[in-house]
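What follows draws every value from the coordinates through simple rules; no lab data is involved. It should be emphasised that the depicted structure is a prediction, and the values quoted were computed from it without experimental measurement. Methodologically, a virtual Cβ is constructed for each residue, glycine included, from the backbone with ideal geometry; neighbour enumeration extends over all protein chains shown.
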Amino acid sequence: MTAPEITIASPADRDTVVGSLVAAFIKDPVLRHLFPDEETYPRYAAAFFGHLFDKRVHKATIWTIGGGASVAIWEPPAAGHESPDGDLAAHYPAEVLARVQAYDEAVHAALPAFPFWYLGVLGTHPDSAGRGWGRLVMRAGLDRASADGLPAILETSNPANVELYRRAGWEVVRSVADPLPTWIMQQPTR
């Protein structure tokens, strides 16, 4: 069975991509740290992923497969880090926004100072899991980083993902203890 075509997301894909990511991350340690309440998780996670989608969709760095069932949101090399507040402040109460900002600041303080491509989100809707689509959309961003002659960086707070990413060629280069254990991983320039 051949995989569907990998596409670059457009604004028309927003609802499908956000829905897939909300479903994919329902048990993820970071998302559950940020949005622990079962009742508000779907709404808060949708605002979070929608914000990330909106920031990157016009950069043509969101790769999807299966109509948005699997998604890789990449951030190209940038001069500086953008704080996640702004748009998100309208969607969250102060204590939730504080958790989002604290996590974002802790992770970004641990990221390297040299230019790199950043895999911010990689997720597959549970209905499409196990098909290898996540690896395919991840590879599209890795190919772009390679074409630019730059390494790729990601972070994960899911211990099971560390080994998954290692098998895909990533190496742990740093870890963050607070606000929750997080591993910074790098895929060297190919």
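Basic side chains Lys and Arg get +1 at the Cβ, acidic Asp and Glu get -1 at the Cβ, and with that the dipole of the chain about its Cα centre reaches some 660 debye. Helix content alone sets the calculated 222 nm mean residue ellipticity of the chain: runs of n ≥ 4 DSSP H residues at -39500 (n - 2.57) each, divided across all residues, give -12000 deg cm²/dmol. Highest average first, the peptides 132-144, 94-106 ordered by how many other beta carbon atoms sit within 10 Å of their residues are 132-144, 94-106. Beta bridges from DSSP with both residues in the chain: antiparallel share about 90 percent, rounded to the nearest 5. Considering only L21, A45, I8, and ranking their Cα positions along the charge dipole of segment 1-137 that arises from unit charges at the beta-carbon of Lys, Arg, Asp and Glu, the one farthest toward the positive end is I8. Shape analysis of segment 11-147 places it in the oblate category; the axes a ≥ b ≥ c from the Cα gyration tensor give an a/c of at least 1.5, with a/b not above b/c.
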